[in-house]
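Some notes on the structure that comes next.
Bear in mind these aren't lab numbers, they're just calculated from the coordinates by the rules spelled out. Bear in mind the structure is a predicted one, so any value in this text is a computation, not a measurement. All Cβ positions, even for glycine, are placed from backbone atoms using ideal geometry, and neighbour counts span all protein chains on display.
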Amino acid sequence: MAPQAVVVGPPGAGKTTIGRLLAQRLDVSFRDTDDDIVRTAGRAIADIFANDGEPAFRAMEEEAVATALREHDGVLALGGGAVLSERTRERLAGHPVVFLSVGLAEGARRVGLSTARPLLAGVNPRATFRALLEARLPIYRSVASVEVATDGLGPAEVVERVVAALTADSARPSS
Ligand SMILES: Nc1ncnc2c1ncn2[C@@H]1O[C@H](COP(=O)(O)OP(=O)(O)OP(=O)(O)O)[C@@H](O)[C@H]1O
Ligand SMILES: O=C(O)C1=C[C@@H](O)[C@@H](O)[C@H](O)C1
Ligand SMILES: [Mg+2]
């Protein structure tokens, strides 16, 4: 069993929104590792960050991603920082990974830079978001089979581009 698509990208890229629509489009189920963590821990992500710290959250996340990659055969959305784990990056090899990218302005607008996203809740959330996008771009690219830029596109159009990109990718002879 393996996911038909694994969706990665920064906060606000639309992993949850697009992942859910993509699953509908492919007529498969949707799973999001952020939801898995909340369910398993019985607490909100912001609460885990605040009380246990980011390293503890990342450890839970690594476990949640490994489990979901084993168990789920539909569309799987990962948390925005899941790819920071080298073991997770290794585990993603061979899976169809969709990188949804977004620029600073539109990403900031979409996330609203609210306290629900603990990494962006500091004194200068915009600068933090900019640094996060820059630092992570090569990491998302290193795990991605396909990349779809979402700026200026509504969810339905993004889903169509993802389907087209995955179809083209799966038709390519594997090396
Ligand atoms: N293509 C899009 N066009 C317009 N709005 C969008 C688009 N994609 C997502 N959004 C909106 O942006 C917000 C963030 O989207 P979403 O929660 O899906 O992002 P995410 O990548 O899952 O973020 P996180 O890493 O925090 O889980 C939501 O309000 C969603 O409705
Ligand atoms: O980009 C990140 O590091 C995060 C994104 C969210 O999906 C959550 O997993 C959490 O808020 C951390
Ligand atoms: Mg999400």
Equivalent ellipsoid dimensions for the chain as semi-axes, Å, which come from the Cα gyration tensor, largest first: 24, 19, 15
Spatial extent of segment 1-42: Rg and Dmax, with the Cα atoms as the point set, Å: 11.0, 30
Taking the Cα centre of segment 59-175 as origin and charging only Cβ (+1 Lys, Arg; -1 Asp, Glu), how large is the dipole, in debye to the nearest 20? 320
Listed residues 67, 17, 40, most fluctuating in the chain (Gaussian network, C-alpha, under 10 Å): 40
Dipole of segment 13-145, positive direction: furthest Cα of 57, 84, 135, with charges on the beta-carbon: 135
Using mean Cβ contacts within 10 Å as the protection proxy, how do 41-53, 147-159 order, highest first? 147-159, 41-53
Which percent of Cα pairs goes in each bin when the distances of segment 35-130 are cut into 10 angstrom slices starting at zero? 13, 42, 37, 7, 0
With springs only between Cα atoms under 10 Å, which of 96, 125, 11 fluctuates most in a Gaussian network model of the chain? 125
Using Cα pairs closer than 8 Å and at least 6 residues apart in sequence, work out the relative contact order for the chain, in percent. 31
Where in segment 122-143 does the label zone of residue 151 land, with the point 7 angstrom along Cα→C-beta and an amide N cut-off under 14 Å? 130, 133-134
Please report the Cα spread of segment 24-70 along all three principal axes, rounded to whole Å, starting with the longest. 38, 18, 14
Cα centre as origin, Lys/Arg/Asp/Glu Cβ charges: segment 118-157 dipole, Debye: 220
In segment 1-35, trypsin sites (Lys or Arg not before Pro) in a DSSP loop with at most 10 other beta-carbon atoms within 10 Å: none
